[in-house]
1. Please pick out the residue among B:GLY221, B:GLY225, B:GLY212 that is within 11 Å of chain A (Cβ to nearest Cβ), within 28 Å of A:ILE155 (Cβ to Cβ), outside any loop (DSSP other than H, G, I, E, B) and touching an Asp or Glu at 6+ places or on another chain (Cβ under 9 Å).
2. Select, from A:PHE145, A:PHE116, the only residue that is touching a residue at least 40 places away in the same chain (Cβ under 8 Å), touching a helix residue (DSSP H, G or I) at 6+ places or on another chain (Cβ under 8 Å) and of a type in the set (Phe, Trp, Tyr).
3. Regarding A:PHE145, is this residue within 11 Å of chain B (Cβ to nearest Cβ) and under 30 Å from A:LEU90 (Cβ atoms)?
4. May I ask you to list the residues in the range B:115-133 that are surrounded by 24 or more Cβ atoms within 10 Å (Cβ to Cβ), under 27 Å from B:PRO194 (Cα atoms) and more than 14 Å from the chain's Cα centre (by Cα)?
5. Taking the range A:15-63, which residues are of a type in the set (Ser, Thr, Tyr), assigned to a strand (DSSP E or B) and in contact (Cβ under 8 Å) with a residue 24 or more places away in the chain?
6. Would you say A:VAL53 is within 14 Å of another protein chain (Cβ to nearest Cβ), closer than 30 Å to A:ALA251 by Cβ, crowded, with 19+ Cβ neighbours inside 10 Å and not acidic (Asp, Glu)?
7. Report yes if B:ASP250 is surrounded by fewer than 18 Cβ atoms within 10 Å (Cβ to Cβ) and either in the same structural domain as B:LEU63 (by TED's automatic domain parsing) or closer than 26 Å to A:LEU223 by Cα (or both), otherwise no.
Number of protein chains: 2
Amino acid sequence: MLAFDHTDAEADIIADHLIDCELRGLSFGGLPRALSVIDRLRDTSTPRRPITVLKESPVSASLDGGDQVGYLVGLRATEMAIEKARSTGLAVVGASKTWYTGMFSYYLERVTQAGFAGMIAGSGGQKVAPHGGTEGRFSTNPIAFGFPSDGAPVIWDIGTAGVMLGEVVLKERLGQELDEGLAFGPDGQPTRDPAAALKGAFTVWGGHKGSGLAMVVQLLGMLAGQAAAPLSLRDCGFFMIVVDPALLGDAADFQARVAAYADSLRATRPLDPARPVRVPFERSSAERERRLAANAIEVPDLVYEGLREAAGATQAQPGVEA
Amino acid sequence: MLAFDHTDAEADIIADHLIDCELRGLSFGGLPRALSVIDRLRDTSTPRRPITVLKESPVSASLDGGDQVGYLVGLRATEMAIEKARSTGLAVVGASKTWYTGMFSYYLERVTQAGFAGMIAGSGGQKVAPHGGTEGRFSTNPIAFGFPSDGAPVIWDIGTAGVMLGEVVLKERLGQELDEGLAFGPDGQPTRDPAAALKGAFTVWGGHKGSGLAMVVQLLGMLAGQAAAPLSLRDCGFFMIVVDPALLGDAADFQARVAAYADSLRATRPLDPARPVRVPFERSSAERERRLAANAIEVPDLVYEGLREAAGATQAQPGVEA
């Protein structure tokens, strides 16, 4: 990651995000994603510019991501939001002109470590059809909320599409069909062919209600500065709100109540005694503990070789000043 | 509504909310709900107190709802959030000790009329089971977002339960069975019997992902001041954030982009040509136009008689000083 004119500090931020995904067992966002990032960095048609602050107030900042990878822009947004919330208790930060904003739980863990609650929404190019439609109007549009707690933070992080882009690409490579109901071809007809789906649109998660949530995320991305109809994959919107619980009550008491509530969720009488009710974030957090204790992650050979190749290729490539 | 010691202004607020629901065709939240409100007001075991501000900053307020009906508390919260956002661009308001907070789109229409975007989440007593569980841990937990636009505002407003309390109560009265998969009895077994469902728990909407969203709403309600395990139906949490789009960019440009995006949603190639893609709020807004033009709403005889009876009863009841 040192290539493509990233500083050591920038490379560390990107690597930390990717490795955290691997540790948490979310390998889709981990090292395989590094290969896609490198592909994107090789396309120099939109050169990187420094991240700039377009507008700022004591409670807000609007960032131009400078066509930088989202791990850098997302972390900068998070740090600004936390800093502002430390002084005013409340902050909103928007960013646009960025891509691959990563796992929102990564940023929200920082927010909860600062003792704050937060929300992040991320929009992008139009690839997912609204309920009742067959053309893309949303991106896979993740949305996430995080809450600080006496125990582990509670962080909920979902995508609003019925299928992930990476899943469809993988099925195409493996020559497999998609499940029913996940995509439309460019002709607007339902399809199970991944190639047709990639030229057409994916379905949204959650029917009518889920479609509304995906729309909300797209509108929050527009509030963050994204265009109404982004044509480029580089034009993501990143919207973040951070709240200090002390604004509305006693912060320590809130963290205790969150922990007690998480316990009560886990203790819910289960439908199947073998499958207790889970609290979001706890499984991936436990996975991280386990892998850190083992001091090992498993990486598929194909990804490992790809990264070795990319490392060779990028080291050979002269740095270009942004 | 003048009875139970409400002032003229308070009665107007309650009536305006209920009538707006009727005009928009959301009759579940309209005049039939007035009967439930009256029932609740008759129970004087928790007397109404004035709404008080527990904590306040330039960007926030925390309200004790004084066990007042939510239409009053929600509007007060909305007015405070709008006023603060006018000066700082951003506001968070939480309220607790209130009940029946009404249709969140009602408050968000005010927010969008002021040119702001907003989010509201509302929690309550534990009646809905998390995914994989058979005991209540959420209320029916509505969540809503609103965005100002050059055209009609875009307001999305959903409940996160698989079924509404009112629907279950109605089925019980009519002696009808619930659909499959909507409820558990007090024994934790799936049931189609509304009476058993009312003693047990309802299922959550949207499976695993929807269950997470319902949890988020419950935690936002706790952030607003609700207890971790509210036992009383009167202990709802109401959480609201208002953002001035001018904080992050050009406000007029944002409203134009929202309108253009809503148009592009409507113009999405539909799966069924007879069923165009809808934008949230537009249907109920059109219903309101139609009923206002006709200058009439239809109210079931049973509700009409109930309201006449209640009016007689409450007029006969002497006012009690709070």
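1. B:GLY212
2. Details: A:PHE145 fails: touching a residue at least 40 places away in the same chain (Cβ under 8 Å).
Only one candidate passes the filter, namely A:PHE116.
3. Yes.
4. B:VAL128, B:ALA129, B:PRO130, B:GLY133
5. Step one: filter the range A:15-63 for residues of a type in the set (Ser, Thr, Tyr), giving A:27, A:36, A:44-46, A:52, A:57, A:60, A:62.
Imposing the further condition that a residue be assigned to a strand (DSSP E or B) reduces the set to A:52, A:57, A:60, A:62.
Of everything in the range A:15-63, those that are of a type in the set (Ser, Thr, Tyr), assigned to a strand (DSSP E or B) and in contact (Cβ under 8 Å) with a residue 24 or more places away in the chain turn out to be A:SER60, A:SER62.
6. Values: within 14 Å of another protein chain (Cβ to nearest Cβ): yes; closer than 30 Å to A:ALA251 by Cβ: yes; crowded, with 19+ Cβ neighbours inside 10 Å: no; not acidic (Asp, Glu): yes.
Against the criterion (within 14 Å of another protein chain (Cβ to nearest Cβ), closer than 30 Å to A:ALA251 by Cβ, crowded, with 19+ Cβ neighbours inside 10 Å and not acidic (Asp, Glu)), A:VAL53 does not qualify.
7. Working: surrounded by fewer than 18 Cβ atoms within 10 Å (Cβ to Cβ): yes; either in the same structural domain as B:LEU63 (by TED's automatic domain parsing) or closer than 26 Å to A:LEU223 by Cα (or both): yes.
Yes: the conditions hold for B:ASP250.
Every residue, every condition in (1) within 12 Å of another protein chain (Cβ to nearest Cβ); (2) farther than 19 Å from B:LEU220 by Cα; (3) surrounded by 22 or more Cβ atoms within 10 Å (Cβ to Cβ), yes or no:
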position	(1), (2), (3)
B:LEU41	no, yes, no
B:LEU63	yes, no, yes
B:LYS97	no, no, yes
B:GLN113	no, yes, no
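The values are calculated or read from the model by the stated rules, or taken from the named source; none is laboratory data. All of these numbers come straight from a predicted model, not from anything done at the bench. Neighbour counts are summed over all protein chains in view; Cβ atoms, including those assigned to glycine, are modelled from backbone coordinates with ideal geometry.
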